[in-house]
Amino acid sequence: MPLVLEEGLAVACMVLLLLITLLNVLTRYFTDQSFAWTEEISVFLMVVMTLAGASAATARDRQIRIEVLYDGGDRLRRQRLKVFAACTTAALFALLTVLFGRVVADEIRYAETSMGMGVPRWWFTAFSPLLCAAITLRSAGVAWSAARADAGSEA
């Protein structure tokens, strides 16, 4: 599956972060005032950018790993470690999908609003369960591919 969505989302978030931060710095420099809304939007963009980047990295099998354990073994060991790491990542992000989903549901139910802008908080958190689900699916795909390669090497 192409990574255009995750990569495009991460790049868009980075560009928006740059523009918002530049606007805030220039405004502070020239007026000694600050936009209150910039911090809320910047935090939201950083979370989305991080999760979108993590999804793309997962799909490319670029997770953080302990190289001495991974590279120190034969091909079969590397395949099995890849399956284990991908399954663990999928389980973790499946749990995060459920937990973030509950957070969003609670924010909708209790009509929570953001402190700076006064808009519904779920506008900022609704992307978290979706991106965690994307990471879960990407990890499951990596695990499936690695398990199939592992099964093919044993035959």
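Here are some notes:
- The distance between label points at Glu39 and Val4 comes to 3.9 nm (points 7 Å beyond Cα on the Cα→Cβ vector).
- For Thr113, the residues whose modelled amide H falls within less than 5 Å of its own, excluding neighbours fewer than 5 places apart on the same chain, are Arg121.
- For the stretch 109-119, Karplus couplings with θ = phi - 60° (6.51, -1.76, 1.60), whole Hz, Gly/Pro x: 4, 8, 6, 5, 10, 6, 6, x, 9, x, 8
- Take each peptide in 32-39, 8-15, count the other Cβ atoms within 10 Å of every residue, and average; sorted highest first, the result is 8-15, 32-39.
- Low-density loop positions, chymotrypsin sites (Phe, Trp or Tyr not before Pro), the stretch 52-155 - DSSP coil, at most 16 other Cβ in 10 Å: Tyr110
Bear in mind these aren't lab numbers, they're just calculated from the coordinates by the rules spelled out. The structure presented is a predicted model; accordingly, all values stated were derived computationally and were not measured. Counting neighbours? That spans all protein chains shown, and the Cβs are built from the backbone with ideal geometry, glycine included.
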